Amino acid sequence: MKLKGRTALVTGASRGIGRAIALALAAEGADVAVNYVSSEGPAKEIAEQIQKLGRRAILARADVGDFPDTFRMAQEVLKEFGHLDILINNAGVTSDMTFVKMDHASWRKVLAVNLDGVFNCTKAFIDQMIKQNYGRVVNITSVIGQIGNFGQANYAASKAGVAAFTKSLAKELAGKGIRVNAVAPGFIETEMIEAIPEKVRQRLLDQIPLKRFGRADEVGRAVVYLVSSDGDYITGAELSINGGLLM
Ligand SMILES: NC(=O)c1ccc[n+]([C@@H]2O[C@H](COP(=O)([O-])OP(=O)(O)OC[C@H]3O[C@@H](n4cnc5c(N)ncnc54)[C@H](OP(=O)(O)O)[C@@H]3O)[C@@H](O)[C@H]2O)c1
């Protein structure tokens, strides 16, 4: 087991990619705090699955876009686990519309969760990671942050912001035992993708060299690679998992 004795928090772990990451970390021996904002039932189910793997799991409800709420959650997680080794900033939302139709509320909603949320969560745990001279942070960005997308100016800007944040933090913290990386999924089969109309899905598939959407567990395994000793020489990277969509 690659992560035995490690503690982790995954934001937005109640479903989709976050759920798969939480289970992949637990399968490698980590105790996991399952963050969610509203899906308590699904989050409880994930926690039970993690416990069945023989790991500790705690529920960590917080709106990561809200700094005081995130800070409170972090204190509770640190009290339960004693320390945190691995932080996965995965929680994300979309609010798609063309820029002409995009109002300030839609811009703020996406930036608040996707970008402020990464600041809030990292800020809440980083002092303790520096103190223990060990930390692994993985931020989930997106191919959309790399290439932009029609109707997703808010989402693309948030993810490009997280990518730049990742590199800056990696430089600042490299000497303190902390590695900071990003994973940029392409189109992964989750509720976010299932909501896309069939015609658009087909058009997307046509553009993907591997001719299929990705699976959440494929992202989960990449995260394990980055946070385990397998990734010990990797920091400031943005690992693309997109079936060849961007090359
Ligand atoms: N799916 C894709 O193809 C794809 C591609 C590239 C990047 N991504 C990125 O991967 C990440 C996960 O995507 P997904 O498709 O798995 O999304 P998803 O199925 O919609 O799940 C989103 C998760 O984020 C949580 N969340 C939303 N707002 C939150 C908040 N304010 N505070 C805390 N948690 C919050 C949700 O919790 P509740 O259930 O409690 O609401 C849920 O667990 C996102 O950052 C997304 O941008 C996804």
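Coordinate-derived values only; no laboratory data. Fair warning: this is a prediction, and the values are worked out from it, not measured in the lab. A quick note on method: Cβ atoms are made from the backbone with ideal geometry, for glycine too, and the neighbour counts reach across all protein chains shown.
Here are the numbers for the structure shown:
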quantity: Förster radius 45 Å - calculated FRET efficiency between L204 and Q132, Cβ distance, rounded to 0.05; calculated: 0.60
quantity: Extension gain, D69 back to S39 (0.36 nm per residue minus Cα-Cα distance, nm); calculated: 9.2 nm
quantity: For the chain, the fraction of alpha-carbon pairs in successive 10 Å shells from zero, as %; calculated: 8, 33, 38, 17, 3, 0
quantity: Of L173, L111, L23, the one that fluctuates the most in a GNM where the chain has Cα springs shorter than 10 Å; calculated: L173
quantity: Solution diffusion estimate, µm²/s, Stokes-Einstein, the range 129-247, Kirkwood Rh from C-alpha pairs, 4 °C, viscosity 1.567 mPa s; calculated: 85
quantity: Label-point gap, in nm, between R215 and I196 - each point 7 angstrom along Cα→Cβ; calculated: 1.9
quantity: Entries of K109/K159; K44/K123; K131/K176; K79/K131; K4/K176 with Cα pairs more than 18 Å apart; calculated: K44/K123; K4/K176
quantity: Potential lengthening between K176 and R108 on full extension [0.36 nm per residue; Cα-Cα distance subtracted]; calculated: 21.2 nm
quantity: Between the range 76-121 and the range 185-247, the alpha-carbon center distance in angstrom; calculated: 19
quantity: Charge dipole of the range 123-208 about the Cα centre (unit charges at C-beta), most positive-ward option of L204, Q132, F187; calculated: Q132
quantity: Amide H contacts under 5 Å for G214, placed H, 5+ residues apart; calculated: F187, I188, E189
quantity: Residue-averaged 222 nm ellipticity for the chain, from DSSP H runs of 4+ at -39500 (n - 2.57), nearest 500; calculated: -14500 deg cm²/dmol
quantity: Charge tally in the Cβ shell below 14 Å around N149, where Lys, Arg are +1 and Asp, Glu are -1, N149 excluded; calculated: +1
quantity: Sequence ranges 122-131, 175-184, ranked by mean other-Cβ count within 10 angstrom, highest first; calculated: 175-184, 122-131
quantity: Stretch gain in nm, segment I234-E80, where the contour uses 0.36 nm per residue and the Cα spacing is subtracted; calculated: 52.5 nm
